[in-house]
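Below is one structure, written out as structure tokens; the observations come after it.
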Amino acid sequence: MNILESINIAPGHWGQTRVRQGQHIRVTCPEGSQVADFWAFAQDDPSVFLSAEHTRSTLEKLVPVVGDALYSNRRHPMVRVVEDTSPGTHDFLMSACDPRRYEILGVTGYHKSCAENLCHAMDEAGMVTHELPSPFNIFQNVTIGENGELAIVPPHVQAGQYLEMKAEIDLLAIVSACPMDVAKTNGPDGKIRPILLEVLG
Ligand SMILES: [Zn+2]
């Protein structure tokens, strides 16, 4: 396959692109230790979107692996994982970070967030959504304790590793290079890093 489009997403920013059925979406962590929130919306109907809860219940697993589809809120495949050079640590449980999350963490004043990045990306794409779906948190490391305790801990992903998905329908793909620098979501150093979003066909 050839690289048709390459979007360098600066730390804390977003990228969006329309992807045709059969094309591949590659999300790369160029410097390691950075989470990429991913959303997909059907191009012809943004009320159809990638759904964490429908994917978990259809797959009966917490995290999709190579070969698994990720499903829409209507339970149709939207993308399928075709390659994963990362350690396979991703999260499909947690919501995107949003302004209130930063307020709860003690941040005063404005802070960028993945939820707002999703809204900016939809505006940029000229599409309207009435819902803010939960993302597929690529490279996010969430541990589950014996009694169900959840913890967001530093990612395992190393520089240059990527996750690649095939589009099963024509879709709008959105990625946010998570701006979280308060919790350890993107590593213990509190730094945020870039993400590379590519379309292959
Ligand atoms: Zn985030």
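The values are calculated or read from the model by the stated rules, or taken from the named source; none is laboratory data. Remember, predicted model here, so these are calculated numbers, not experimental data. Here the Cβ is made from the backbone with ideal geometry for all residues, glycine too, and neighbour counts use every protein chain on show. What goes into the accessible areas is simple: the full protein's heavy atoms, side chains included, and nothing from ligands, DNA or RNA. Shrake-Rupley method; radii C 1.70, N 1.55, O 1.52, S 1.80 Å.
Numbers below:
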{"item": "Lone unmet requirement of (1) more than 12 Å from the ligand (Cβ to nearest atom); (2) closer than 20 Å to Arg101 by Cβ; (3) among the β-branched types (Val, Ile, Thr) for Ile192", "result": "(1)"}
{"item": "Test: residue in the range 147-164 that is open to solvent by 50 Å² or more (accessible area, probe 1.4 Å), within 13 Å of the ligand (Cβ to nearest atom) and out of contact with any strand residue (DSSP E or B) (no Cβ under 9 Å at 6 or more places or on another chain)", "result": "no"}
{"item": "Enumeration of residues in the range 32-49 that are touching a strand residue (DSSP E or B) at 6+ places or on another chain (Cβ under 8 Å) and either among the small types (Gly, Ala, Ser) or more than 16 Å from the ligand (Cβ to nearest atom) (or both)", "result": "Gly32, Ala36, Ala40, Phe41, Ala42, Gln43, Pro46, Val48, Phe49"}
{"item": "Condition check for Leu132: aliphatic (A, V, I, L, M) and within 14 Å of the chain's Cα centre (by Cα)", "result": "yes"}
{"item": "Residue check, Ile138 within 13 Å of the ligand (Cβ to nearest atom), in contact with an Asp or Glu (Cβ under 8 Å, 6 or more places away or on another chain) and open to solvent by 30 Å² or more (accessible area, probe 1.4 Å)", "result": "no"}
{"item": "Failed item in (1) within 16 Å of the ligand (Cβ to nearest atom); (2) farther than 30 Å from Thr108 by Cβ, with Ala173 passing the rest", "result": "(1)"}
{"item": "Residue in the range 122-133 that is within 13 Å of the ligand (Cβ to nearest atom) and either within 18 Å of Pro194 (Cβ to Cβ) or crowded, with 20+ Cβ neighbours inside 10 Å (or both) present", "result": "no"}
{"item": "Matching option when the condition is over 16 Å from the mean Cα position of the chain (by Cα), more than 26 Å from Asp68 (Cα to Cα) and among the hydroxyl-bearing types (Ser, Thr, Tyr), among Thr108, Thr143", "result": "Thr108"}
{"item": "Close pairs (7 angstrom Cβ cut-off, 6 or more residues apart or separate chains): at positive phi in the range 174-201, part of a loop (DSSP other than H, G, I, E, B) and away from the ligand (no atom under 11 Å from the Cβ) anywhere", "result": "Gly187/Ser33; Gly187/Pro154; Gly187/Pro155"}
{"item": "Residue count for the range 1-13, restricted to those that are in a strand (DSSP E or B) and either free of Cβ contacts under 8 Å to residues at least 12 places away in the same chain or open to solvent by 60 Å² or more (accessible area, probe 1.4 Å) (or both)", "result": "5"}
